[in-house]
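Colleague: Provided herewith is a single structure, encoded as structure tokens, for subsequent inquiry.
The values are calculated or read from the model by the stated rules, or taken from the named source; none is laboratory data. Keep in mind the model is a prediction, meaning the values are calculated, not measured. Ideal geometry is used to build each Cβ from the backbone, glycine not excepted, and the neighbour counts take in all protein chains shown. Areas reflect the complete protein model, heavy atoms only, side chains present, ligands, DNA and RNA absent. Shrake-Rupley method; radii C 1.70, N 1.55, O 1.52, S 1.80 Å.
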Amino acid sequence: MTDLATLQQSFQHYLRHQDGAGILTEIVNDAALSAQQRLAVYHEGYYLRLIEILENDFVVLARLLGEESFSQMARAYIHDFPSQYRNIQYVGCRLSEFLARSPVYHEHSLWRELATFEWALEEARIGEQATSVSIAQLAELAPDAWGELSFVLHPTLKVLRLHHNAVEYYQASYAEQAWPELLTHTELQACIVWRKQFAAHYRYVNSAEAWMLGVVLAGERFAQICAGLCDFMPEEEVAPYALGRLQQWFADGLITRLCLAE
Amino acid sequence: MANRQHQQLPYLGFGLGLRPTHYEYILNHRPDVDWFEIVSDDYTIPGGKPLYYLDRIREHYPMVMHGVSLSIGSVDPLDKDYLSQIKALADRIAPQWISDHLCWTGVEGYNMHDLLPLPYTEEALKHVVARVEQVQDYLGRQILLENVSSYVSYQTSQFTEWEFLSAVAEQADCLILLDINNIYVSAFNHHFDPLTYLHNVPRERVQQFHVAGHTNHGTHIIDTHDEPIIREVYDLYAQAVAHFGKVSTMIERDDNIPAFPELYAELQALKAIAAKVTTQAQVQEDV
């Protein structure tokens, strides 16, 4: 008699690989439906259920590939990267990694970037809750306190660095326009993704703002940030630039706390 | 048994599953629904829209939590992280009760995201009973386990499904969420009489009914939860009410979700059936 552990391993093996070696003889056969047909309900259901989840999380990638190609790619992903998540909402989190590592798909770097971008949007939608602060809090500070000021950014903020115009593909899809021509940037383009209210937002940032966000995330204080910006622009432009970015971040809901040195 | 509360759970009346497409409608119209059941896993996320609406809607309606990932029958260790998420969610919304399924969802660290049937053996029974006790002790309350639809049965099974479900409930001292549609589906797929199932489940342990739709493929039925309830399932529900009496009832629609008023109309149909059956029973008692 097969023990519970062996039976479950064999059943799961069938779901993933449709190999009935260990499980077929364990299943009751009858005239209405054979053991193989009964197991096939689970095998097909497993793939179809997860493909549907991926179609919903990667809407633009699915449109770009078309139903059949997307389904084939998604099947390969589910096969190679079986879910280890309790929550089905995270099933797509390694799609971009799969596309990078798969010998079949690794040449399609646009698909990989689109997957990265769409997953970042999805993660932002369900990411950690935080309340943004208003720019009025900044105005309340004494001017000599600014140098020691640091900022806590929204926990959903992610900085992506993209080789291709994946963002334009995303926009074209939702605007129901023709796909743009594929572009490869000479330098990586930084794009930030975050949640404001309940919606995922994104925008490109230039190299100075990307650097600023990086050091703010690392906990640097405003005086150090301004000093570092001198590498990107003439000194007289630093203060207006830094203030302009801060204003934008407040408007974007990116700042959730102002911290002053003890 | 560490901290387990063992209290009489209330009768909640007639509820619906809380689905994101209905959030705004519910808040704007405050429909006359007695309670909502949430899919716990939809809210074990760090933040965002679902949790916001959950809190707002909870202010107006009683709720129960229904999970899909406990994997109570798996030979993998119980997932403590998942249990702590469930406990945190319960602390947040104070549900009337917490349920999951009598099934397994994966082994070796994987999740197949399906409610897979167990073999009904002494070994599986012992295994499940021990785990239900662990979960109940951790959550500090009795849980409800639901019968799943199935498309296979195992050569090694030593019990019928209803015997197994009943034994788990009795031995682990848990409650039962009886899915009327799942009984209908499994009865069709495995050729048993659904009434035999109904009549052999311990009455005092049945705390909730699920009713749902399915897809009939001729040779077998798949429990898709994406169609209206069919007449035969309404009839079986009437039999269940006649046998078990007043049991909190809800419609579980997971896909192809219609506008709220359509589900509400289905719920009224269930309510009418329950009222009619209960009145008939009362008349018979009086006679």
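Colleague: Across the Cα atoms of the range B:8-92, what radius of gyration and what greatest pairwise Cα-Cα distance (Dmax) are found, in Å?
Modeller: Cα only, the range B:8-92: 14.1, 45 Å (Rg, Dmax).
Colleague: Something else: I want to verify a result. In a Gaussian network model of chain B, Cα cutoff 10 Å, which of these has the top mean-square fluctuation: B:189, B:111, B:181?
Modeller: So, out of B:189, B:111, B:181, the one fluctuating most is B:111.
Colleague: Of B:49/B:80; B:246/B:271; A:158/A:196; A:196/B:49, which pairs sit farther than 19 Å apart, going by alpha carbon to alpha carbon? All intermediate terms of the calculation are to be shown ahead of the outcome.
Modeller: Working: B:49/B:80 26 Å; B:246/B:271 11 Å; A:158/A:196 13 Å; A:196/B:49 11 Å.
Beyond 19 Å: B:49/B:80.
Colleague: Turning to a different aspect of this structure: How big is the gap, in Å, between the Cα center of the range B:10-41 and the Cα center of the range A:122-192?
Modeller: One Cα centre to the other: 35 Å.
Colleague: Which whole-number value in Å³ per residue fits the convex hull of the alpha carbons of the range A:128-259? Write out the running numbers ahead of the final one.
Modeller: Working: hull volume 16.2 nm³, N = 132.
It comes to 122 Å³ per residue, whole-number rounded.
Colleague: Let me ask something else about it. Sort the range B:121-160 into rounded, prolate or oblate with this rule: let a ≥ b ≥ c be the square roots of the eigenvalues of the Cα gyration tensor; rounded if a/c is under 1.5, and if a/c is not under 1.5, prolate when a/b is larger than b/c, oblate otherwise. Mind dumping the intermediate values first?
Modeller: Values: a/c = 3.91, a/b = 1.83, b/c = 2.14.
It is oblate, given that a/c is not under 1.5 and a/b is not larger than b/c.
Colleague: Other chains' Cβ within 10 Å of B:181-190 residues: what's the mean?
Modeller: Details: counts 0, 0, 0, 0, 0, 0, 0, 1, 5, 5.
Mean shielding count: 1.
Colleague: Which of these, B:239, B:207, B:268, has the largest mean-square fluctuation under a Gaussian network model of chain B (Cα springs below 10 Å)?
Modeller: Highest fluctuation among the options: B:268.
Colleague: Just checking the output field for B:110-122: average partner chain Cβ neighbours within 10 Å of each residue's Cβ? Don't skip to the end; give the middle numbers.
Modeller: Values: counts 7, 10, 11, 11, 6, 0, 6, 2, 3, 8, 0, 5, 0.
Per residue, the average neighbour count from other chains is 5.
Colleague: Helix-only mean residue ellipticity at 222 nm, the protein assembly as shown, DSSP H runs n ≥ 4 weighted -39,500 (n - 2.57), per residue, nearest 500. What is it? Mind showing how you got there, number by number?
Modeller: Working: 20 runs with 252 residues, N = 549.
Computed mean residue ellipticity for the protein assembly as shown: -14500 deg cm²/dmol.
Colleague: What does the convex hull of the Cα atoms of the range B:93-168 come to per residue, in Å³, rounded to a whole number?
Modeller: Working: hull volume 9.4 nm³, N = 76.
Hull volume normalised by residue count: 124 Å³.
Colleague: Enumerate the amide H contacts of residue B:206 below 5 Å, restricted to partners 5 or more residues apart or on another chain; note that Pro and chain-start residues carry no placed amide H.
Modeller: Close amide H contacts, sequence-distant or interchain: B:176.
Colleague: Computed from the mean reciprocal separation of all distinct C-alpha pairs, what Kirkwood hydrodynamic radius does the protein assembly as shown have, in Å?
Modeller: Values: mean 1/r = 0.0381 Å⁻¹.
It works out to 26.2 Å.
Colleague: Could you identify which residue out of B:105, B:21, B:156 has the top mean-square fluctuation in a GNM of chain B using Cα springs shorter than 10 Å?
Modeller: B:156
Colleague: Under the Karplus relation 6.51 cos²θ - 1.76 cosθ + 1.60, θ = phi - 60°, what is the ordered set of whole-Hz ³J(HN,Hα) values for the range A:22-31, x standing for Gly and Pro?
Modeller: x, 10, 4, 6, 7, 9, 6, 8, 8, 5
Colleague: Please compute how much accessible surface disappears when B pairs with A, both sides summed, using a 1.4 Å probe, and round it to the nearest 100 Å². It would help to have the intermediate numbers written out before the result.
Modeller: Values: alone 13160 and 14910 Å², together 23950 Å².
That pair hides around 4100 Å² of surface in total.
Colleague: Hey, what D do you get for chain B in µm²/s if you plug the Kirkwood alpha-carbon radius into Stokes-Einstein at 4 °C and 1.567 mPa s? Display every interim value, and only then the final one.
Modeller: Numbers: Rh = 19.4 Å.
D = 67 µm²/s.
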